[in-house]
Amino acid sequence: MTDGLRKGLTSYGDAGFSLFLRKAFIKAMGYSDDALDRPIVGITNTYSDYNPCHGNVPDIIAAVKRGVMLSGAMPFEFPTISIAESFAHPTSMYLRNLMAMETEEMIRAQPMDAVIVIGGCDKTLPAQIMAAISADLPTVVIPVGPMVVGHHKGEVLGACTDCRRLWGKYRAGEIDDPEIEAVNGRLAPSVGTCMVMGTASTMACITETLGLSLPMSATIPAPHAERFRLAEASGKVAAAMAKAKGPRPSEILTPASFRNAQVVLQAIGGSTNGLIHLTAIANRTPYAIDLDAFDKIGREVPVLVDLKPSGAHYMEHFHHAGGVPKLLKQLGGLIDLDARTVTGQSLRDVVAGAEEVPGQDAIRDRHDPIKPEGGLAVLHGNLAPRGAVIKHSAASPKLLQHTGRAVVFESVEDMTLRVDDPDLDVNADDILVLRNAGPKGAPGMPEAGYLPIPKKLARSGVKDMVRISDARMSGTAFGTIVLHITPEAAVGGPLALVRTGDRIRLDVAKRSIDLLVEPAELEKRHAALKLPAPPPGTNRGYAYLFNETILQADEGCDFDFMRRGGK
Ligand code: FES
């Protein structure tokens, strides 16, 4: 038998002895033979004192264990890396693939018949799903859930759209020191993930749409009792999957489920990071994401969910309005309802169970959308031969067609040093350009694409400017911001050729971003281009692996040898 505790025996050259030894040691924890004969559900523990977003993980695990044991299986909790967005240096994206590799190998190395992965803070769900797909063991995903909202002076606050908005006001001198301190204590009033439609919420909605988690799992607030009942139910589902030996991710994920995920990404006004993660997830399967097809979906799919930063509400309002099942219902024929889920139900069954909430205005009807087109657009042009992305649902409409003079920053450090310099030659019509902030250049493609408005302009009332870079941006941010320019400057992409004073044309309707410089001049600059030296420390360890094998944004920034089929 190769299930339960007998699975994946440690190799001592004598299988009987291997099992004898394994049982002898695990009995030190007080387990009975009855317990050890049950199917096993592994449960990842990503709790960490550094990760407040995952602060409810111990309680979720307790509820999962209850569900597993009520169903006659045995839960085994094990630790994996935890990544918290604001505690990861140089950036959480740098560690996503490490978490994916580690989680995959621990699922594979330890005996379990099914696994529950519990994550939420931005990079964790993508990493865990990438791992689960590659390990291809029956898997249920439980997002930790969003925080509840905060309040300040009668206003509803949410991390981190309002972190940025209010910090912008502080920079502009509209808020003083005591008030920004008060705001600091009110932006994140509970454990859980950011409660706007940032990357965490986006990935939770995508996970639910892919059928990898139970209905409503994306939206139940982190501290609510319902979240723990969902965890118990997830434990029961995982126990059933452990006994039935399926369905595995490879049996759930299809081209239709990935198309559904892209439709939902557009309809929620989801994070630009969501596209990178979905691309990386899909590249672990046979069904790659095509950026142009994604853009086409965006032209057909309206934004229906009215959440910040594209709209007005927060995740708890989305939840009380009916959550992802209700959204799928409103999307009607744009969703393939035959797609399967971990519960054995199809999305048709999920939609049939969607709650009707009278008077709710967080999930709009298709005929009354927030925006007529989806949240994200893919741009091409001589500046971005392999693509760039803009979240036009969260941009200033008047800047979506704009030609301006480039003001170039060589790196994140250069930008930090100079952007607030009173002598910086910059005006509101200029286009701020940041380079060497891509997957390889920074490294890890930090969320630096939301370049701050230079202080002197902010103080004169400028709220938005066109900003372009090979970096990423937090899904919670607002502005006319072109991201993920590919190839990045550090590998010789055309962004490396831009000089301060050049003119750049952005035309989102035409999906174009171009450097208005003659081709002969660009060739001359290209011939003289010197690529930057690799960041310090890249000659050993994980940094070496990262620098040698990281893929560009259009390929999901996975390591080249981790895609399906390997290198
Ligand atoms: Fe963890 Fe936003 S910081 S989800």
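Here, each number is a calculation from the coordinates, and none is a lab measurement. Quick caveat, the model's predicted, so the values are computed rather than measured. Backbone-built Cβ (ideal geometry, glycine too); neighbour counts: all protein chains shown.
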In deg cm²/dmol and to the nearest 500, what is the mean residue ellipticity at 222 nm of the chain if only DSSP H runs of at least 4 residues count, each as -39500 (n - 2.57), divided by the residue total? -10500 deg cm²/dmol
Can you work out the PRE-style zone for Asp49? Point 7 Å along Cα to Cβ, and I want the residues of the range 89-125 with backbone N under 11 Å. none
What do you get for the angle between helix 161-171 and the principal long axis of the chain? Use alpha-carbon atoms, 0 to 90 degrees, nearest ten. 40
I'd like the orientation of helix 15-26 relative to the chain: the angle between its Cα long axis and the longest Cα principal axis, in ° from 0 to 90, rounded to 10. 80
Taking the Cα centre as origin and putting +1 on Lys and Arg beta-carbons and -1 on Asp and Glu beta-carbons, what dipole magnitude results for the chain, to the nearest 20 debye? 600
Partners for Lys153 among lysines (Cα-Cα distance below 25 Å; same-chain residues under 8 apart left out): Lys169, Lys308, Lys463
How large is log10 of I(q)/I(0) for the range 367-495 at q = 0.11, 0.13, 0.17 Å⁻¹ when the intensity is taken from the Debye formula with one equal scatterer per alpha-carbon? -0.36, -0.50, -0.86
Equivalent-ellipsoid semi-axes of the range 315-365, from the Cα gyration tensor, Å, largest first: 20, 12, 8
In whole µm²/s, the translational diffusion coefficient that Stokes-Einstein assigns to the range 135-189, given a Kirkwood hydrodynamic radius over C-alpha pairs, 4 °C and 1.567 mPa s, equals 99
Can you compute the label reach from Asp336? Point 7 Å from Cα along the Cβ direction, backbone N cut-off under 14 Å, restricted to the range 257-285. 257-264
Mind grabbing the base-10 log of I(q)/I(0) for the range 291-403 at q = 0.13, 0.23, 0.24 Å⁻¹? Debye formula, identical points on the C-alpha positions, no solvent, two decimal places. -0.60, -1.29, -1.34
Taking a crude spin-label model, label points 7 Å out from Cα along the C-beta direction, the Asp14 to Glu102 distance in nm is 3.6
Calculated FRET value between Arg499 and Lys245, using beta carbons and R₀ = 60 Å, to 0.05: 0.50
At the level of C-alpha centres, the distance separating the range 508-567 and the range 178-244, in angstrom, is 34
Cα-based convex hull, the chain, per residue volume (Å³, whole number): 155
Proximal lysines relative to Lys510, as straight alpha-carbon distance under 22 Å, when same-chain residues fewer than 8 apart are discounted: Lys296, Lys371, Lys391, Lys398
What's the angle, to the nearest 10 degrees (0 to 90), between helix 272-282's Cα axis and the longest principal axis of the chain? 40
Determine which lysines satisfy two conditions relative to Lys530: a Cα distance under 21 Å, and not lying fewer than 8 residues away in the same chain. Lys440
Where both residues lie in the chain, what percent of DSSP beta bridges are antiparallel, nearest 5? 45
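What's the extension gain from Glu300 to Ala35 if we count 0.36 nm per residue and subtract their Cα-Cα distance?
Details: separation 265, 0.36 × 265 = 95.40 nm, distance 5.25 nm.
Difference between extended and current length: 90.2 nm.
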What residues of the range 369-385 lie in the reach of a label at Asp464, counting those whose backbone N is under 16 Å from a point 7 Å from the Cα along Cα→Cβ? 370-377
For the range 224-373, what number results from the quotient of the Cα radius of gyration and 2.2 N^0.38 Å? 1.08
Descending Cα extents along the principal axes, the range 404-451, whole Å: 30, 21, 15
Compute the FRET efficiency between Arg405 and Lys455 as 1/(1 + (r/R0)^6), taking r as their Cβ-Cβ distance and R0 = 25 Å, and round to the nearest 0.05. 0.85
Sort by residue number and report every cysteine in the chain with no other cysteine beta carbon within a distance under 4.7 Å. Cys194, Cys205, Cys557
Please list the radius of gyration and Dmax for the range 1-53, considering alpha-carbon atoms only, with Å as the unit. 14.6, 45
Between the modelled labels at Tyr544 and Glu356 (7 Å from Cα along Cα→Cβ) the distance in nm is 6.4
Phe25-Glu179 pseudo-label distance in nm [points 7 Å out on the Cα-to-Cβ vector]: 6.0
Both in Å, the radius of gyration and Dmax of the C-alpha trace of the range 511-567 are 16.4, 43
So if I take the centroid of the Cα atoms in the range 387-466 and the same for the range 262-306, what is the distance between those two points in Å? 25
